[in-house]
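To start, the structure itself, in structure tokens.
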Amino acid sequence: LLGFPSGRLRPEIAGLQATKGIEVGHCQLPGWNYSGLEKLPESGLQILSPRADYADVFVELSKVQGLKFLTPKSPYGLLGTRNWLKAIEAAMTSPVSFETAFGERYRQLRRTWRPLRALAAKHRLAFVIPEADLPALGDGRSLEGVPLLPLVREMGFGIDLLLWSPPTDTAPMSDPAQAAGIRVRRFSTAEELDRLLCEGDFSAVYSDVCHDRRLLRNAKSRFSRSSFEPGFDGAVRTLHRLLRICQLPFHRRYEHLWRNHGLQ
């Protein structure tokens with residue numbers, strides 16, 4: 001495994017493969033060592049993360065003779081993890097049937113998923129991003145390989161896109177996201193963003209800034225990239241986590257304190 005999350009998330013991915021009778025020999029990046037790199041040829045298949053920030057490293061590895069590579073889409077969400085495993089299955093010389101290894105477990109997870117998804121449908125999540133960077137939310141190559149938009153849609157949340165666009169006389173292009181049921185709002189100044197955050201009926205806003213004051217003063221909870229975990233169990237934990245964030249009353253309850261103290 002090359003380029004997948006480290007820490008407690010990595011054993012989950014490795015465990016998924018072990019369940020199929022596939023042994024994970026080595027995990028490299030983030031974090032690596034020379035002995036592990038030297039042993040890469042012992043593996044029949046090198047599974048690469050689609051993360052763009054590792055692309056140059058993977059190009060160098062591809063020059064090593066005798067290594068076989070596979071770059072499936074990121075294993076996030078139930079469907080994404082399922083497709084990731086099936087892609088590995090198809091690449092093996094002696095494939096193990098996904099249905100045999102995971103069929104019943106996947107059906108049980110779907111049954112657990114449905115009521116949680118119904119709860120998620122009562123909430124909306126917002127993303128603040130430059131309009132030019134919008135593809136990064138869904139391509140699985142940016143944001144450490146997390147395909148945010150497809151993932152939160154699979155979980156059932158409504159989505160608001162707050163897109164920064166520089167002032168222009170040109171009419172904005174039509175939004176494919178709008179046609180797909182995602183609400184789109186544009187802003188070009190900090191004051192306009194503040195108004196959108198204040199008036200929006202979304203429960204939480206994506207931000208990688210801890211204690212984001214824009215969200216505090218507008219009584220909005222925050223979620224971030226660290227809220228998302230790969231794998232089947234990681235998908236369920238992620239959905240639980242996002243629901244807790246959406247239901248958290250803290251920011252709404254103490255909104256008057258942020259405003260009364262002139263939080264800027």
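Among Arg82, Arg51, what's the order by accessible area (1.4 angstrom probe), most exposed first? Please report the intermediate quantities before stating the final value.
Numbers: Arg82 70, Arg51 30 Å².
So the residues, ranked largest to smallest area, are Arg82, Arg51.
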Probe 1.4 Å - accessible area at Lys39, Å² to nearest ten: 90 Å²
Amide H proximity to Arg186 below 5 Å, modelled H, separation 5+ or other chain, gives Leu163
Per-residue accessible area, 1.4 Å probe, largest first, puts Trp113, Trp32 in the order Trp32, Trp113
If you count only protein heavy atoms and use a 1.4 Å probe, how large is the accessible surface of Val57, to the nearest 10 Å²? 60 Å²
Approximate shape of the chain as ellipsoid semi-axes (Cα gyration tensor, √5λ), whole Å, largest first: 38, 21, 17
Calculate for the chain the 222 nm mean residue ellipticity that helices alone would give, adding -39,500 (n - 2.57) per DSSP H run of length 4 or more and normalising by residue count, nearest 500 deg cm²/dmol. -12000 deg cm²/dmol
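Given a 1.4 angstrom probe, I'd like the percentage of the accessible area of the range 1-159 that is carbon and sulfur, rounded to a whole number.
Values: 4350 of 8030 Å².
Heavy-atom surface of the range 1-159 belonging to carbon and sulfur, 1.4 Å probe: 54 percent.
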From most to least accessible, 1.4 Å probe, no ligand or DNA/RNA atoms counted, His240, His26 line up as His240, His26
Any lysines with Cα under 19 Å of the Lys73 Cα? List them, leaving off those in the same chain fewer than 8 positions away. Lys20, Lys86
Nearest 10 degrees is fine. How inclined is helix 77-91 to the longest principal axis of the chain, computing both from alpha carbons? 20 degrees
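Classify the range 1-129 as rounded, prolate or oblate, taking a ≥ b ≥ c as the square roots of the eigenvalues of its Cα gyration tensor: rounded when a/c is under 1.5, otherwise prolate if a/b is larger than b/c and oblate if not. Walk me through the intermediate numbers first.
Values: a/c = 2.39, a/b = 1.46, b/c = 1.63.
Oblate, because a/c is 1.5 or more while a/b does not exceed b/c.
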Accessible area of the chain divided out per residue, in Å², using a probe of 1.4 angstrom: 53 Å²
Heavy atoms of the protein only, probe of 1.4 Å, neighbouring chains included. What is the accessible area of Cys27 in Å², nearest 10? 40 Å²
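The values are calculated or read from the model by the stated rules, or taken from the named source; none is laboratory data. What you are looking at is a predicted structure, and each value in this text was computed from that prediction instead of being measured. Only protein heavy atoms, including side chains, enter the accessible area calculation; ligands, DNA and RNA are left aside. Shrake-Rupley method; radii C 1.70, N 1.55, O 1.52, S 1.80 Å.
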